[in-house]
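Undergrad: The structure is given below, and queries will be raised subsequently.
The values are calculated or read from the model by the stated rules, or taken from the named source; none is laboratory data. Since this is a predicted model, take the numbers as computed values, not measurements. All Cβ positions, even for glycine, are placed from backbone atoms using ideal geometry, and neighbour counts span all protein chains on display. Ligands, DNA and RNA are excluded from the accessible area calculation, which covers all protein heavy atoms including side chains. Shrake-Rupley method; radii C 1.70, N 1.55, O 1.52, S 1.80 Å.
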Amino acid sequence: MLSSVDLSKLTSITEAEAANRLIEEGPNDLPQSKPRGLFDIAKEVASEPMFLMLVACGVLYLMLGDREEALMLLSFVFVVMGITFHQERKTERALESLRDLSSPRALVIRDGRQKRIDGRYVVRGDLLVLNEGDRVPADAVLLTGLNLCVNESLLTGEAIPVRKNPTENGKVPLVMDRPGGEDQPFLYSGTLVVSGQGIARTMATGPNTELGKIGKALQSLDPEDTTLKKQTASLIRNIALLGLGACIIVVVVYGFTRGNWTDGFLAGLSLAMAMLPEEFPVVLTVFLAIGAWRISRKNVLTRRIPAVEALGSATVLCTDKTGTLTLNRMTVSSLSDGKKVISIDDLNDKDLPKEYHEVIEISSLASKTDAFDPMDQAIKHVESRFLSSDQIHSDWKLKREYPLSKKLLALSHVWKSSDGQSYDIAAKGAAEAILDLCHLEESRKKELLTQVNTMANSGLRVLGVAKAKFDLENLPEEQHDFDFQFIGFLGFSDPIRPTVPAAIKECYDAGVRVVMITGDYPGTARNVARKIGLKPDDQVLTGPELDKMTDEELRYRVSETCIFARVAPDQKLRLVEAFKARGAIVAMTGDGVNDAPALKAAHIGIAMGGRGTDVAREASSLVLLDDDFASIVAAIRQGRTIYDNIKKAMAYIFAIHVPIAGLTLFPVLLGWDLILLPVHIVFLELLIDPTCSVVFEAEAEEPDVMLRPPRDPNAPLFGRQELILSIFQGIRVFFNVLAVFLIARLYFNLDQLEARALAFTTLIIANLCLIITNRSWKRSAFESLRTPNYAQWWVIGGGSLFLAAVLYQPYLRSLFRFEYLHLNHDIIVCLIAGITSVFWFESYKVNFMSKKGSSKKTEKPRFGLGGSMASEALRSQAKPNLGLSQSAIANKFDRE
C-alpha cells in the first residue's frame, strides 16, 4: 500500500507536535469517572426505606430479646449493601469497557516514518495507516485508499460493511458527518476495517469522537428506580407509621389505665412486633434473587435484580434489528441465472439446479480466498455447501486484482490455471456495474434490472456476477477492456432469527408493544417488519426526519410508529426518552456500543451476550446469554409471575398479621390474661417466613399471565381492593379464633391453658388454610391443591408436626403453656373453625373473580404506551402541527 503512495504529498505531524497535542487535548480515551467510595455508597443505602425497615425490625427484635430473628434481619443489611455497591460499580465498568474498545494499537506516520503506538497516544492530525482487520483508533478522514470497506455496526447497527472513498484532492472537511452511508470519506473510532487499505487523517480523539460522545451520554445517565421499588418504599413507610401509631396508643392506654408504664411499653412493643410485617423486605429480596436464578436457567443473566420484576411490567419493547431480530450474519439466500430467481434457504446440499452452479463458482473466484468480508464469507459458505471439489479451483493462481472504485462499483480477479494458456477473469459488484461491464443490449439490461428491483424490494442486497477470458499476456489497465459474459445475481440477506415471529406474537398477546429501531435503510426495515409480523409495517420514521421534530412532535409520533430507520445513537436515546415521557415502561434491547446510552436510559436494558459488546452488557439490566429474542418473552413471563406472587405473599402477610395483632391487642385493652405469648408469635413466624419466602415464590404462573395487558405503571403495588380483601381474611380468622377462645372460657369454663391451646391450634390451622387459598385469587383452593407446589407440602407437613409436638410432648406443652387437647372433639372443633374461616373468600373467588376473568377474555389485548393507556386515548390528545397532513406523511413514506 505505502509503496504505491507518494508520502511526500501527505503532510505528517512531527513527534514534537504530537507530544504537545497530547498534553493540550489529552489521551485518546474516555475520561475516567471518579470512583465512589464505600462511605458515599453506605450513606445512600442508609437512606433507603427498605434498609431502614430492616434495621428498625432488627433493633426491635433485639430489644425484645429475640436475638436469632434480629440477626437474620440485620444480615439482610449486608445483602442490600452488597447489591447497591455492585450497582454503583456498573457505571465505572461500562466506561472502562468503552475505553478499552476505543484504544486499540495504531500504525501512524510521524516525521515521514511509520510507527506503531498505543491507540491512546493517537492525537489530532496523525496520519493513520489502516489495513484489513484493523480497528480504527480515532475519528478520521480517508485521504487515500484501495477498496476500503468498514463495518460500522458498532455505531449504526447495520450489518453490511460500508464502502469508503477518499476525499477529493486530499481536502480535509471541517466537519464530519454521522456514521453510515456508502462512499463517505469518514472513519470512526472503534469500527472495523473488513477489506482494503488506506491512509487517513485523524480529526478527533477521545471524548470528541462519536464513540466518546456515547461515553459522555453514559456518564450523565442514572438508572431509574423501578416502579416496584418506588411503590414498596411508599407501602413500607405507611405501614411503619401505622405500627408506630398503634404502639404509642397501647403504651399510653396501658400506662394511664393500669399505672404500669414499663409493662405498657413492653405491651406496645409486642403489638408492634405482631403488626409490623417484617417479611416485606425479605419477600422482595428473596423473590427477586430467586427469580434472577430461575431466569438464568433460561439463558438470561440478571445484572440489576429489580429489573427481573420490572420487565414483567414493560409496555414498550424497543429492539435493535441487527443481531437482535436478525442473526447479524450475511447469507446468500437467493440466486439468479438471469432467467429465474430461486431461494436456496431450504434446499438440500445436492438439490441446487446445475444452471446455478456457475453463479456460485464465479462469485467465489471474485472473492478473497481467506475471506474476512461478511459477503465473501457468505459466498464461500454456499460454495462449500453446493459445489464439488472440481468446481472450487483451489490450484488456480491469482495474477491480478482490479479493485472497486467510485466510478465502477465492481472488482475483478484474474486467475490462471496450472495448465491453462489463457486468463480466467471473475467479476462481481453492484448489479448496474456488472451489467455495464457486459455491454448488454438495452432491452436485456432493462429486463435484468427489473429482476434486480424485485429482489431488492424483498429486502435483499444484490450483487451481479460476470466472467471473461483473456488470451494475451499483457493484461489491460481497466476492467472494461475485458469481454465479460453475464452469469447471474446473488441475493444476500441478514436472516431473521427463527424464534422471533412467535416471540413478537406472544408480546402482542401480552399487550407489549414492539418497536424496531435500526440504523438500516427504511426499505430493509420494512421488509424485516413484515417477516416478523411487526405492526404497523407501513409507517417508517427516519433519523433525518426525527432531527427536524420537536420533543412534543416526537412524543406524538412514537404513539403510532413502530419502525424507526437510519437512526443515530443519540436519536435512540431520544426515542427512549420520548416513550418514557408518554408514561411507557420501556425495555430496550441491543448489542452494540450505539445501544449503550439507550440501554441505560430505559427502565430495563437488555443486552445480547453472545454478539454484544462489553459496553452494552455493562450498561444493561439483563443480558441474553444465547442472543435469542424469544428469551425476552420468557423473561417477561417470569417477571409477571414474580409480581403476581409478590402480591399473593403480601396478601397472606396482611391477612395473617391481623389475627396475631388482634389476639395481642384485645387482652391488653380488656384486661384479660394474654392469649398469645412471645413464644407463640415466634412459632408462627417459623411458619410465616418460609411460607412467604418459599411457598409463594415457587407458585406456578397464572394461566392468563401472558394474555393480559401489562399492569398500569401508576397503579399501587397493593390496591385498595386487595388490601380490604386481605384484611377481611385476617378479620374472619381473628373472629373464629377469638370465638373458640371465648366459648372455651365462658361457655365450657375451660381453664386459660386449654383455651389458649384451642385458640392457638385454630390459628395454626387457619394459617395453613390462608396459605392454600392465597396461592391463587383466580382458582379455587381445590384447584390450587392440584397444582404442583412441593414447598407448600413441606410447610404444611412441618407445621402440623410442630403443632403435634407442642400439644403432646410434655416439655414443649409446658413451655408453650398449653393443656392437653383431645383428638376426638378438641382437634375437630379447631379444624372446623380454622377451615371455615376461609370459606367466604373461596365463595368470593368463585362468584366474583371468575366473572371478572370471563369479561377479560372478551377484551382485545391493548398495547400502547402504558398498561391502561389505549392507543385511542393517545390519539384523542391534541395533535401538534407537524407541517404535513397524515396522508402526505403516508405518501412520503411510500416514496421511500
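Undergrad: Just need log10 I(q)/I(0) for segment 674-814 at q = 0.11, 0.19, 0.22 Å⁻¹, Debye formula, equal scatterers on the alpha-carbon atoms, no solvent, rounded to two decimals.
TA: Taking Cα atoms of segment 674-814 as identical point scatterers yields -0.52, -1.24, -1.46.
Undergrad: Oh, and also: Please report, for the Cα atoms of segment 419-491, the Rg to one decimal and the Dmax as a whole number; what are they, in angstrom?
TA: 13.8, 44
Undergrad: Oh, and also: Summarise the long-distance tail of P(r) for segment 734-828 by giving the % of C-alpha pairs beyond 22 Å. Walk me through the intermediate numbers first.
TA: Details: 1669 of 4465 pairs.
When every Cα pair of segment 734-828 is considered, 37 percent fall beyond 22 Å.
Undergrad: When N counts the residues of segment 317-401, how does its alpha-carbon radius of gyration compare numerically with 2.2 N^0.38 Å, as a ratio?
TA: Numbers: Rg = 14.9 Å, N = 85, 2.2 N^0.38 = 11.9 Å.
Segment 317-401 yields a ratio of 1.25.
Undergrad: Can you give the FRET efficiency to the nearest 0.05 for residue 560 and residue 707, using r as the Cβ-Cβ distance and R₀ = 25 Å?
TA: Working: r = 24 Å, r/R0 = 0.98.
The calculated FRET efficiency here is 0.55.
Undergrad: Ok, one more. Roughly how compact is segment 715-775, stated as its Cα Rg over 2.2 N^0.38 Å to two decimals? Display every interim value, and only then the final one.
TA: On the way: Rg = 14.7 Å, N = 61, 2.2 N^0.38 = 10.5 Å.
For segment 715-775, the normalised Cα radius of gyration comes out at 1.40.
Undergrad: While we're looking at this one, here's another question. Pull out the extension gain between residue 748 and residue 261, defined as 0.36 nm times the separation in residues minus the alpha carbon to alpha carbon distance; nm, one decimal. Working shown, then result.
TA: Numbers: separation 487, 0.36 × 487 = 175.32 nm, distance 3.47 nm.
Additional length available on full extension: 171.9 nm.
Undergrad: With a 1.4 Å probe and every protein chain kept in, tell me what percent of the accessible surface of segment 456-513 is carbon plus sulfur. Write down the numbers at each step before the final one.
TA: Working: 1270 of 2570 Å².
The value for segment 456-513 is 49 percent carbon and sulfur by accessible area.
Undergrad: At a 10 angstrom cut-off on C-beta neighbours, averaged per residue, how do the peptides 722-734, 542-554, 504-516 rank from highest to lowest? Spell out each step's value before the answer.
TA: Numbers: 722-734: 19.5, 542-554: 16.0, 504-516: 21.3.
Most protected by this proxy first, the peptides run 504-516, 722-734, 542-554.
Undergrad: Take the alpha carbon atoms of segment 639-673, find their center, do the same for segment 729-799, and report the distance between the two centers in whole angstrom.
TA: Centre-to-centre distance over Cα atoms comes out at 13 Å.
Undergrad: Sticking with this structure for a sec: Between residue 370 and residue 172, what length in nm is gained on full extension when 0.36 nm per residue of separation is reduced by their alpha carbon distance? All intermediate terms of the calculation are to be shown ahead of the outcome.
TA: Values: separation 198, 0.36 × 198 = 71.28 nm, distance 3.38 nm.
Gain on extension, residue 370 to residue 172, equals 67.9 nm.
Undergrad: Express the relative contact order of segment 760-833 as a whole percentage, based on alpha carbon pairs under 8 Å and six or more residues apart in sequence. Working shown, then result.
TA: Details: 35 pairs, mean separation 25.5, N = 74.
Relative contact order comes out at 34 percent.
Undergrad: Next question, about the same structure. Given a Förster distance of 45 angstrom, what is the FRET efficiency for residue 329 paired with residue 14, based on the Cβ-Cβ distance and rounded to 0.05? Kindly include the intermediate steps, with their values, before the conclusion.
TA: Numbers: r = 45 Å, r/R0 = 0.99.
With a Förster radius of 45 Å, E is 0.50.
Undergrad: Of 298/845; 321/350; 350/380; 321/380; 164/380, which sit over 28 Å apart, Cα to Cα? Before the final figure, lay out the partial values.
TA: Working: 298/845 33 Å; 321/350 32 Å; 350/380 16 Å; 321/380 25 Å; 164/380 24 Å.
Among 298/845; 321/350; 350/380; 321/380; 164/380, the Cα-Cα distance tops 28 Å for 298/845; 321/350.
Undergrad: Here's a follow-up. Rounded to a whole number of µm²/s, how large is the Stokes-Einstein D of segment 489-589 at 10 °C and 1.306 mPa s, given Rh as the Kirkwood radius over C-alpha pairs? Display every interim value, and only then the final one.
TA: Working: Rh = 14.3 Å.
Calculated translational D: 111 µm²/s.
Undergrad: Shifting gears a bit: For the residue pair residue 471 and residue 422, what label-to-label distance in nm results when each label sits 7 Å from Cα along the Cα-to-beta-carbon direction?
TA: In this crude spin-label approximation the distance works out to 0.7 nm.
Undergrad: Now for a separate question. Please report the net charge: other residues with Cβ closer than 12 Å to the Cβ of residue 791, K and R +1, D and E -1. Walk me through the numbers on the way to the answer.
TA: Numbers: positive: 775; negative: 697, 699.
For residues surrounding residue 791, the net value is -1.
Undergrad: Over segment 345-502, what relative contact order in percent results from Cα pairs under 8 Å that are six or more residues apart? List each step's numbers first, then the result.
TA: On the way: 225 pairs, mean separation 31.6, N = 158.
Relative contact order comes out at 20 percent.
Undergrad: Moving on to the next point. What Kirkwood Rh does segment 365-472 have if only Cα atoms enter the pairwise 1/r average? Answer in Å.
TA: On the way: mean 1/r = 0.0656 Å⁻¹.
Over segment 365-472, the inverse of the mean reciprocal pair distance is 15.2 Å.
Undergrad: Given R₀ = 30 Å, FRET efficiency for residue 698-residue 677 by Cβ-Cβ distance, to 0.05? Spell out each step's value before the answer.
TA: On the way: r = 32 Å, r/R0 = 1.06.
For R0 = 30 Å, the calculated efficiency reads 0.40.
Undergrad: What distance in nm separates the simple spin-label points at residue 248 and residue 832, each placed 7 Å from Cα in the Cβ direction?
TA: 4.6
Undergrad: If you average the sequence gap of Cα pairs under 8 Å that are 6 or more apart and divide by the length of segment 689-763, what percent do you get for the contact order? Present the calculation step by step, with values, prior to reporting the outcome.
TA: Working: 21 pairs, mean separation 16.8, N = 75.
Relative contact order here is 22 percent.
Undergrad: Something else now. So if each residue of separation counts as 0.36 nm, and I subtract the Cα-Cα distance between residue 354 and residue 342, what length gain in nm does that give?
TA: Working: separation 12, 0.36 × 12 = 4.32 nm, distance 1.25 nm.
That pair, residue 354 and residue 342, stretches by 3.1 nm at full extension.
Undergrad: Once you've got the Cα coordinates, tell me which of 428/572; 339/368; 445/469; 368/572; 531/647; 407/572 are over 32 Å apart. Walk me through the numbers on the way to the answer.
TA: Numbers: 428/572 35 Å; 339/368 27 Å; 445/469 22 Å; 368/572 36 Å; 531/647 38 Å; 407/572 35 Å.
Those over the limit are 428/572; 368/572; 531/647; 407/572.
Undergrad: What number, in nm² with one decimal, is the all-direction average of the projected area of the convex hull of the alpha-carbon atoms of segment 778-829?
TA: On the way: hull surface 20.5 nm².
Mean orientational projected area (segment 778-829, Cα hull): 5.1 nm².
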